[in-house]
Amino acid sequence: MSPAPRRRSVLLATAAVTAAATAPAGAATPVRHRASGPLVIGHRGAAGWRPEHTADAYTYAVRAGADWIEPDLVPTKDHVLVVRHENEIGGTTDVAGRPEFADRRTTRTVDGRAVTGWFTEDFHLRELRTLRTVERLPLVRNRNTVFDGRGRVMTFQEVIDLARRLSGESGRRIAVFPETKHPTYFRSIGLPLEEELIRVIRRNRLTARECVVQSFEPSSLHRIAAARLGLPLWQALGTSGSPYGHAVTYKDMMSPAGLREIASYAQWIGPDKSSLVPPHTLLADAHAAGLKVGAYTFRAENQYLAAAHRRGTAPNDFGDAFAEYAFHYGQGVDAVVTDFPDIAVQAREGLRR
């Protein structure tokens with residue numbers, strides 16, 4: 001099959017989902033079942049089609065067939081958990097254009113790196129409520145900028161409420177998949193994430209079917225495990241270096257011995273998808289240790305695809321995302337974390353057929 005018709009099929013399929021996600025609730029036709037195969041996790045919602053971590057992005061993801069939705073957690077000054085990719089919000093909200101908050105611009109050292117901007121920990125929730133969300137990657141996903149200013153910063157509680165409402169709408173149990181962001185840093189400034197996360201989980205009586213907690217920092221997961229919430233834990237893994245504040249390297253964590261150690265406190269690992277490509281044996285080693293494997297982050301643009309799956313040379317054009325899913329599904333991953341859950345679901349349906 002020639003490249004042009006295949007790409008057209010991707011765009012036609014995603015356009016159909018767009019229509020469903022943006023239609024009034026009563027007119028939408030959400031996906032009401034999950035085919036057998038890997039779980040599809042909406043990365044910050046459906047970040048490929050809507051500004052990330054917005055109600056629109058999460059709703060799109062679920063209506064497209066995502067099984068879980070992922071909120072990244074950071075705290076406000078009054079210690080409320082809100083969902084942003086980073087605590088620096090200059091690139092994901094309109095704060096930079098708000099003169100009343102000009103004096104909040106500052107430089108902080110987060111995980112050993114100097115960052116300049118506006119930070120959630122310097123705002124009370126009522127102040128964050130006045131901000132509006134914008135597309136984080138406007139040069140990559142210009143199409144998403146049409147939604148700039150239409151969303152607001154959500155709390156983790158609001159994401160839980162939305163997931164439950166969407167579960168009822170879809171007839172499927174939609175899980176939330178929170179990540180503790182920079183937990184060592186926030187602990188150092190008196191805004192620990194874990195205690196508040198545990199409180200919210202208990203208040204909502206979240207079960208193992210409704211919530212899976214992830215972090216790159218093992219110490220954060222150990223704190224969650226100590227609370228005996230009965231929830232699955234997911235150890236996220238980088239491609240180099242170490243989790244911040246930890247002596248162990250990601251390379252050591254991905255060794256057979258390291259995986260056995262992870263299995264003593266977690267049920268999942270979440271490696272970068274590149275770590276699962278042969279000659280790497282991580283997938284088989286993790287399964288041998290009794291761990292499930294969820295790979296991140298699947299996107300459709302050429303610059304995020306393996307070279308073999310790119311089409312043309314324009315970095316922001318869509319490549320052959322279906323081929324990449326087919327490869328990883330064929331390898332036996334248990335879940336995929338994706339900016340484009342609609343494409344991941346369609347690829348999974350193709351695998352089932």
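The values are calculated or read from the model by the stated rules, or taken from the named source; none is laboratory data. Since the model is a prediction, treat every value here as computed from it, not as a measurement. Cβ coordinates were reconstructed from backbone atoms using ideal geometry, including for glycine residues, and neighbour counts include every protein chain displayed. Note: areas computed on protein heavy atoms with side chains; ligands, DNA, RNA excluded. Shrake-Rupley method; radii C 1.70, N 1.55, O 1.52, S 1.80 Å.
In terms of Cα atoms, the Rg and Dmax of the stretch 250-342 work out to 14.2, 45 Å. Of ARG104, ARG164, ARG113, the residue with the greatest mean-square motion in the GNM of the chain, using alpha carbon springs below 10 Å, is ARG113. As an equivalent ellipsoid, the chain spans semi-axes of 29, 26, 20 angstrom, where each value is the square root of five times an eigenvalue of the C-alpha gyration tensor, largest first. A quarter of the convex hull surface defined by the alpha-carbon atoms of the stretch 132-228 gives 8.2 nm² as the mean projection.
Diagonalise the Cα gyration tensor of the stretch 215-270 and give the resulting equivalent ellipsoid semi-axes, square root of 5 times each eigenvalue, largest first, whole Å. Walk me through the intermediate numbers first.
Numbers: eigenvalues 69, 29, 16 Å².
Computed over the stretch 215-270, the values are 19, 12, 9 Å.
Comparing LEU162, PRO75, LEU125 along the charge dipole axis of the chain, the residue lying farthest to the positive side is LEU162, per the Cβ-charge model.
Distance from the alpha carbon centroid of the stretch 33-72 to that of the stretch 295-353 works out to 15 angstrom. Membrane-span-like helices of the chain, defined as complete DSSP H segments with a Cα extent of 24 Å or more along the helix axis and a mean Kyte hydropathy of at least -0.5, are identified as 3-22. Surface composition of the chain: carbon and sulfur make up 53 percent of the accessible area, probe 1.4 Å. Using C-alpha pairs under 8 Å with a sequence gap of at least 6, the mean separation divided by the residue count of the chain gives a relative contact order of 18 percent.
Residues in the stretch 226-330 average 45 Å² of solvent-accessible surface per residue, probe 1.4 Å, ligands and nucleic acids excluded. Think of each Lys and Arg Cβ as +1 and each Asp and Glu Cβ as -1; about the Cα centre, that makes the dipole of the stretch 232-330 roughly 40 debye.
Magnitude of the charge dipole for the stretch 274-353, about its Cα centre and with charges confined to Cβ atoms of Lys, Arg (+1) and Asp, Glu (-1), is about 160 debye.
Placing unit charges on the Cβ atoms only, positive for Lys and Arg and negative for Asp and Glu, gives the chain a dipole magnitude near 840 debye about its Cα centre. With the whole protein complex present, SER240 retains an accessible surface near 90 Å², based on a 1.4 Å probe.
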